[in-house]
Amino acid sequence: MRRKLLMGNWKMHKTVAEARAFAEALGRMSGRLPADVDLVLCPPYTALHPLRVILPAAVRLGAQNAHEAPHGAFTGEVSVPMLQELGVQYILAGHSERRQMFGDTDERVREKVRAIAEAELIPVLCVGENLEERRSGRTYEVVRRQVDIGLSALGPDAVKTAVVAYEPVWAIGTGQAATAADAQDVIGRIRMWIRDSHGAEAADGVRILYGGSVKPDNIAQFTAQPDIDGALVGGASLDPESFVAMAQAVAQGGA
Ligand code: 13P
């Protein structure tokens, strides 16, 4: 069985002081964190080290991006080994905000996924169509291309331990989540495409998340679907109460 996974992506939110306050509040509620759900927070780089020191042990660290080279003349970038040294275990690759605003192409994302997996960290490949692509009936075509290229540098064992996050761009930060049925439809297909390209074992092992306007009161609808293994949450992960409520909802839905 695949373990459920709840990931919070803080994007460019929280100073070190604010991140510490979150972790302290979470620490006070740590008795309510379920043991059977993997919990991960992806804060800005600046808060990684402070959080490593004070986050409850049940919550793992993730990063929101990484450069594909181990080091070099890349002003402003951070590499996978640098993040690994800080205790990061998961790294997002190809979040739609990176694709839209910072020029992350499918090929670039593939190289990031490769670098993350080669360091034996867990790549979280983010995919999803925008509104215009959905309206013109191109959702499957766009998502399939992102998945195929994004995972193409990995062997079946690395795919099996990787994570894919399906985040339709029109659902991110809009309050307009996909329906659970639509999310299951696309995510079921992603698993099928992975089976075609990487084999049954990889397809059965890879965890696939839904993201886009997930909150405590809708998360269980998603994680109750057969192919949805958890959620990647933006706004609702910024509040410790809401993060704990989502963790509990995922645990109850999976029981
Ligand atoms: P929201 O949960 O704020 O819609 O953001 C989703 C997201 O982009 C997570 O990576």
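The values are calculated or read from the model by the stated rules, or taken from the named source; none is laboratory data. Remember, it's a predicted structure, so these values are computed and weren't measured experimentally. Here the Cβ positions follow ideal geometry from the backbone for every residue, glycine too, while neighbour counts run over all protein chains shown. Calculation scope for accessible area: heavy atoms of the full protein, side chains included, ligands and nucleic acids excluded. Shrake-Rupley method; radii C 1.70, N 1.55, O 1.52, S 1.80 Å.
Here are a few things to note about the model shown:
- Put simply, the amide H of GLY8, placed in the peptide plane, has neighbours under 5 Å in VAL40, LEU41, CYS42, VAL233, leaving out anything fewer than 5 places away on its chain.
- A Förster radius of 25 Å, combined with the Cβ-Cβ distance separating GLU120 from THR174, puts the computed FRET efficiency at roughly 0.10.
- Surface exposure of the chain, expressed per residue as accessible area with a 1.4 Å probe, stands at 43 Å².
- Summarising the overall dimensions of the stretch 108-236 from its C-alpha atoms, the Rg and Dmax are 13.9, 39 angstrom.
- Relative frequency of Cα-Cα separations exceeding 21 Å in the stretch 104-173, percent: 26 percent
- Whole-angstrom Cα spans of the chain along principal axes, big to small: 46, 45, 34
- Sulfur and carbon atoms: percent of accessible area, the chain [1.4 Å]: 52 percent
- Loop-located chymotrypsin sites (Phe, Trp or Tyr not before Pro) in the stretch 67-133 (DSSP state other than H, G, I, E, B) with a sparse environment of at most 11 neighbouring Cβ atoms within 10 Å: PHE74, PHE102.
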